[in-house]
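The values are calculated or read from the model by the stated rules, or taken from the named source; none is laboratory data. Fair warning: this is a prediction, and the values are worked out from it, not measured in the lab. In this analysis, Cβ positions are derived from the backbone assuming ideal geometry, glycine residues included, and neighbour counts consider all displayed protein chains. The accessibility values were calculated without ligands, DNA or RNA, using every heavy atom of the protein model including side chains. Shrake-Rupley method; radii C 1.70, N 1.55, O 1.52, S 1.80 Å.
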Amino acid sequence: MPSDIRTHAIVLRRTNYGESDRILNLLTPEGKMAVLARGVRKSKSRLAGGIELFSMADVVIHQGRSSLGTLTSAKMLKFYCGILADVSRLELAGTLLKRLDRASEQVPSPEHFTILQQILSALDQGLPNDLVSTWFTLNLLRANGEEINLLRDTAGAELDPGLIYRWDTIENALRPDPQGRVSAKEIKLARFLLSNPLAWATKIENLPTIFPPICEIAKTMEKY
């Protein structure tokens, strides 16, 4: 039976449809939803102000027999306007939205909405782009069941805090290597990023020193 769903939503993608409509990919706490926003491109549309990119809205979606719902109400709750103040932040935000759109299509997860909220908030506040991107990659993989291995090395042995490692891109694991760049400090940082909110990372002592190797590992694992 047709029903109305009220929830919070963040726009992942907008596609013009017909003369004045748009089809929206929305990410909600319940998962990704595709909806039709009728007349939203008209100047007097009541929906337009609630479905801007880089914003969170309170929405009502009418779900009929079709898989495509109809957006009947949208009220903006938060606009991450700081993202628009810097070109590099804007480009990164757009890239991460596209990656999350693909990832949520392949492996739906209730954590996707929280991840998206945190990266938009971090970019809005001006956190370093590399930190945001790295946290995003590590946690998106975890949410999709592909968490980075931070327990055992390529041979299956438990990671030794007294050893130095390098990342093996073929095995997707750490390999003991005296010339490597990953020590106990970097491993501890990666574990922290996987178990704590993104905003907390800025409180880590000596973050600029120990962060680069983890950033490089994350870049090799950008699957989505």
Practice prompt. Mind listing whichever residues of region 191-216 are open to solvent by less than 30 Å² (accessible area, probe 1.4 Å) and more than 17 Å from the chain's Cα centre (by Cα)?
Written response: 207, 210, 211, 213, 214
Discussion item. Out of the residues in region 32-43 meeting the condition of being open to solvent by 20 Å² or more (accessible area, probe 1.4 Å) and under 20 Å from residue 108 (Cβ atoms), tell me which one is farthest from the chain's Cα centre (by Cα).
Written reply: 34
Worksheet item: Under the condition of being modelled with pLDDT of 95 or more and open to solvent by 70 Å² or more (accessible area, probe 1.4 Å), which residue from region 161-171 is nearest to residue 219 (Cα to Cα)?
Response: 166
Practice prompt. Could you tell me which numbered condition residue 180 fails, if it satisfies all but one of (1) open to solvent by less than 60 Å² (accessible area, probe 1.4 Å); (2) under 13 Å from the mean Cα position of the chain (by Cα)?
Written response: (2)
Item to complete: Filter region 65-79 for residues that are over 25 Å from residue 121 (Cα atoms), in contact (Cβ under 8 Å) with a residue 40 or more places away in the chain and open to solvent by 30 Å² or more (accessible area, probe 1.4 Å) and give the result.
Response: 65, 68, 72
Response to the item:
Within region 53-64, restricting to residues that are β-branched (Val, Ile, Thr) and surrounded by 21 or more Cβ atoms within 10 Å (Cβ to Cβ), the one that is farthest from the chain's Cα centre (by Cα) is 61
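Looking at region 106-120 only, could you name the residues that are part of a helix (DSSP H, G or I) and open to solvent by less than 40 Å² (accessible area, probe 1.4 Å)? Give the steps one after another, and end with the answer.
So the first thing to find is which residues in region 106-120 are part of a helix (DSSP H, G or I), and the list is 106, 112-120.
The answer is 112, 113, 115, 116, 119, 120.
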Worksheet entry | Given (1) surrounded by 14 or more Cβ atoms within 10 Å (Cβ to Cβ); (2) under 17 Å from residue 13 (Cα atoms), index of the condition residue 144 fails | (2)
Worksheet item: Which condition does residue 124 not pass, out of (1) open to solvent by less than 20 Å² (accessible area, probe 1.4 Å); (2) charged (D, E, K, R); (3) closer than 17 Å to residue 198 by Cβ, if it passes all the others?
Response: (1)
Worksheet item: Looking at (1) touching a Phe, Trp or Tyr at 6+ places or on another chain (Cβ under 9 Å); (2) open to solvent by less than 20 Å² (accessible area, probe 1.4 Å), which is the only condition residue 29 fails?
Response: (2)
Fill in: Checklist (1) of a type outside the set (Val, Ile, Thr); (2) farther than 27 Å from residue 8 by Cβ; (3) modelled with pLDDT under 95 applied to residue 174, failing item
(3)
Worksheet item: Does residue 136 fit the bill of being open to solvent by less than 60 Å² (accessible area, probe 1.4 Å), more than 23 Å from residue 211 (Cβ to Cβ) and either of a type in the set (Lys, Arg) or in contact with a Leu (Cβ under 6 Å, 6 or more places away or on another chain) (or both)?
Response: no
